[in-house]
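Peer 1: Here it is, the structure in full.
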Amino acid sequence: MSVSDVQTKTRYWLEALEKNPASALHEGNVEELRDCLRFHEHRYYVLNDPLVSDYEYDQLFKLLESFEQSHPSLVTPDSPTQRVGPGLVKDFPKVEHLVPMLSLENSYNVDDLLDWDRRVKELSGLEEVEYCVEPKFDGASISLVYESDKLQRGATRGDGVIGDDITPNIKRIRSIPLSAAFSRYGIRQIEVRGEVLMSKSNFAKYNEKLQEEGIPPLANPRNAAAGTLRIKDSAEVSRRNLEGFIYHVSYTLPTHPVGQDGKGPVSHADMLKMLWDLGFRSPQQERKIFNGIRQVIDFVHQFEEGRDDLPYEIDGMVIKVNSIAVQEKLGMTSHHPRWAIAYKFKARQAESKLLAVEYQVGRTGAVTPVAKIEPVPIGGVTVSSISIHNEDYIREKDLRLGDHVLIERSGDVIPQIVRSLTEKRTGHERMIGFPTECPECRQPLFKPEGEAVWRCTNINCHAQVVERIIHFVSKDAMDIRSLGDANVRKFFDMGLLSDIPGIYTLDWEKISKLEGFGKKSVDNLREAIEASKAQPLHRLIYALGIRYVGETTAKTIARGIRHIHDLSELSEEGLMQFEDVGAKVATSLHAFFHNPDNVQMLHELEKLGLNMQSQQAAVHGANLGGQTFLFTGTLSKLKRSAAEELVEQHGGTLLGSVSSKLNYLVVGEDAGSKLEKARKIPSIKIITEEDFLKMIES
Ligand code: IVH
């Protein structure tokens, strides 16, 4: 389908959806709608360049879904709907790969590469070899089998011969096509290989979520991807947004003898192109072809320098002999093909020794053990202390004082202990004890049932108060950077600062007499504090340090309210209306905003001039906060997209279908089935376009 075909069809379906969804789809055209959805998925997940809004995509998707629900016999295994929905897997059966999954030979420096090139030349009899170079993706390897153009199964590497059949989870990865027209290339059955990754940004979000829930973060995106592939709840796999890169064909069964029609790939680059054209995310855009090893060496060095700018982790480059005929001539050992080699980037892992453990009290009273290690450089920084999260983590990793430990720091990721090197133990290592009282205020520690974290429950514990202030002023919160950790601690110890509102009533006369506080730095500090008063509401919500409320949740909440005081009026159920807010977060928010001390503090901050209004509210005088909307029929004044935008600008949320979650159905001309459905749900308010416009103006 061409872009303009898809656009026309998309428009047609969206209109049909409005007018009479019941008769729009039938057995004869449903596959066209599926193709349209596949096209949009490819644009979004492989090319990163969507043609339609998420909302429009969802609408089309729901149209297909409801048709299939009423015609279950017409559902196809490669329908886009087959990627979603709940799906609990019991166990992953074992499967044998069609061809054993070999590994790669490794190289670490220029000499290794020159040596390998020499061997390739010798064995092939060529004077100069053409190489195709691509990234070495740092994830979990998979193999996929397609038969008659349909994805049959997906498996983990396992021991290379037998892996786990993880097909239901593979289907949740949207850059992996459920069907691909291999038959166009004369292929009936094919096995392809690739790597499943979690992008750095999704990994950071995922770890943030874990930490908000009190679960230790994962060491690197590779572990996150590998772990996710083995989750038994496929719906959770969808939420983690894995990506699949496919870089190798290991087996093909032709529909007729190969090589006779001249259609098949004759080089590795051709093969990447074939995969790309069939909708796979092959390294088509990253790969480069060179004649001779010298240029290859320059290229891999250049790529290594740009490594941190990539959205996903790579741990090296793979250099492959481009010609498939030459590859066949070179063959393979039992371990790796002779026609390929991995060039490994400088390690972001290092070995060190665990010297001591210190305990820090955080702003929520959580006592976190921090490992002091012999300083080691990793990926350009020297690491000397690493959070080891909680007591269970120490036990699970079996960490002991004096242990040799493997440390990893991937890109912008916080360093972690990967494991203790138990094989290096001498017998002199000592178990790590855990304190029973707060290292700061000496009150007994408490561990709630079912949690892994010991806490100091004294909310006046100085360590907690200081940490709360430090969090409040931090970069992602109110961003009063010139105040910083050191100054907060100093002012606190001197009695100049004892709580959050105190930041805005600092005694400048006293401060300007302190050493190191000249006129200029005092002016800067005062200015930064003053400027923070205007920070958007979501920063203030995040800055309050409410348990389980990270930046993302703070943003969702701020979008749904007009004023911070709205939060004191919402019940736990009301709070759960916000996207991403589950029972645990709602309980925590509710407790915070119903605690008289906190309410008092917010009033004080308001009096001191801090912004407490949602941005949308401030700009638009908005009042749709927390309400859900859906439009149906033809609007007379506004375009549909403009009306939807207004809802979002005014803090409302759009829904895709009629359900009890819907607050307002805005009805235009010729409204159809949605109106009928909404009439059956008494809680939905059915309003006209005029009513809607009045709501916004009021
Ligand atoms: S080629 C027979 N290409 O690295 C072909 N492997 O350390 C062998 N890997 O087992 C694989 N990126 O899981 C190839 N562009 C790439 C790769 C790649 C990552 C993985 C693969 C392999 C491992 C070896």
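The values are calculated or read from the model by the stated rules, or taken from the named source; none is laboratory data. Values in this document were obtained by computation on a predicted structure and should not be read as measured data. In this analysis, Cβ positions are derived from the backbone assuming ideal geometry, glycine residues included, and neighbour counts consider all displayed protein chains.
Peer 1: Return the total of residues in region 157-171 being surrounded by fewer than 24 Cβ atoms within 10 Å (Cβ to Cβ) and within 16 Å of the ligand (Cβ to nearest atom).
Peer 2: 8
Peer 1: Would you point out which residue out of Asp315, Asp233, Asp277 is within 12 Å of the ligand (Cβ to nearest atom), within 34 Å of the chain's Cα centre (by Cα) and not polar (S, T, N, Q)?
Peer 2: Asp315
Peer 1: Report, by residue number, each residue of region 103-131 that is buried (at least 17 other Cβ atoms within 10 Å of the Cβ) and under 21 Å from Glu191 (Cα atoms).
Peer 2: Leu104
Peer 1: Still on this model: If you take the residues in region 182-196 that are small (Gly, Ala, Ser) and more than 30 Å from the chain's Cα centre (by Cα), which one is nearest to the ligand (Cβ to nearest atom)?
Peer 2: Gly186
Peer 1: Here's a follow-up. Show me the helices (runs of 4 or more DSSP H) entirely contained within region 213-306 in which 1 or more residues are in contact with a helix residue (DSSP H, G or I) (Cβ under 6 Å, 6 or more places away or on another chain) and at pLDDT below 95.
Peer 2: Output list reads 221-229, 234-239.
Peer 1: Just give me the residues in region 287-312 being within 16 Å of the ligand (Cβ to nearest atom) and under 26 Å from the mean Cα position of the chain (by Cα), in sequence order.
Peer 2: Passing the criteria: Arg287, Phe303, Glu304, Arg307, Leu310, Pro311, Tyr312.
Peer 1: Something else about it: When the residues of region 328-346 are filtered to those that are part of a loop (DSSP other than H, G, I, E, B) and within 33 Å of the chain's Cα centre (by Cα), which remaining residue is nearest to the ligand (Cβ to nearest atom)?
Peer 2: The qualifying residue nearest to the ligand (Cβ to nearest atom) is His336.
Peer 1: Residues Arg174, Arg153: which one is free of Cβ contacts under 8 Å to residues at least 60 places away in the same chain, more than 13 Å from the ligand (Cβ to nearest atom) and either more than 22 Å from Ala269 (Cα to Cα) or in a strand (DSSP E or B) (or both)?
Peer 2: None of the other options fit; the residue is Arg153.
Peer 1: Please determine, by comparing only the residues of region 15-30 that are exposed (fewer than 14 other Cβ atoms within 10 Å of the Cβ) and of a type in the set (Asp, Glu), which one is nearest to Val666 (Cα to Cα).
Peer 2: Ranking the qualifying residues of region 15-30, first place goes to Glu15.
Peer 1: For region 40-137, which strands (runs of 3 or more DSSP E) that fit wholly inside it have 2 or more residues that are within 16 Å of the ligand (Cβ to nearest atom)?
Peer 2: Result: 105-107, 130-137.
Peer 1: Quick check on my filter: what residues within region 491-517 are of a type outside the set (A, V, I, L, M, F, W, C) and closer than 20 Å to Glu530 by Cα?
Peer 2: Passing the criteria: Ser498, Asp499, Pro501, Gly502, Tyr504, Thr505, Asp507, Glu509, Lys510, Ser512.
Peer 1: Please determine, by comparing only the residues of region 459-490 that are of a type in the set (S, T, N, Q) and closer than 16 Å to Ser532 by Cα, which one is farthest from the chain's Cα centre (by Cα).
Peer 2: Ser482
Peer 1: Exactly one condition in (1) of a type outside the set (A, V, I, L, M); (2) surrounded by fewer than 17 Cβ atoms within 10 Å (Cβ to Cβ); (3) part of a loop (DSSP other than H, G, I, E, B); (4) away from the ligand (no atom under 15 Å from the Cβ) is not met by Arg363; state its number.
Peer 2: (2)
Peer 1: Take region 197-216 and flag every residue that is hydrophobic (A, V, I, L, M, F, W, C) and either more than 15 Å from the ligand (Cβ to nearest atom) or surrounded by fewer than 23 Cβ atoms within 10 Å (Cβ to Cβ) (or both).
Peer 2: The answer is Phe203, Ala204, Leu210, Ile215.
Peer 1: Now for a separate question. How about region 347-358: which of its residues are within 16 Å of the ligand (Cβ to nearest atom) and not hydrophobic (A, V, I, L, M, F, W, C)?
Peer 2: Arg348, Gln349
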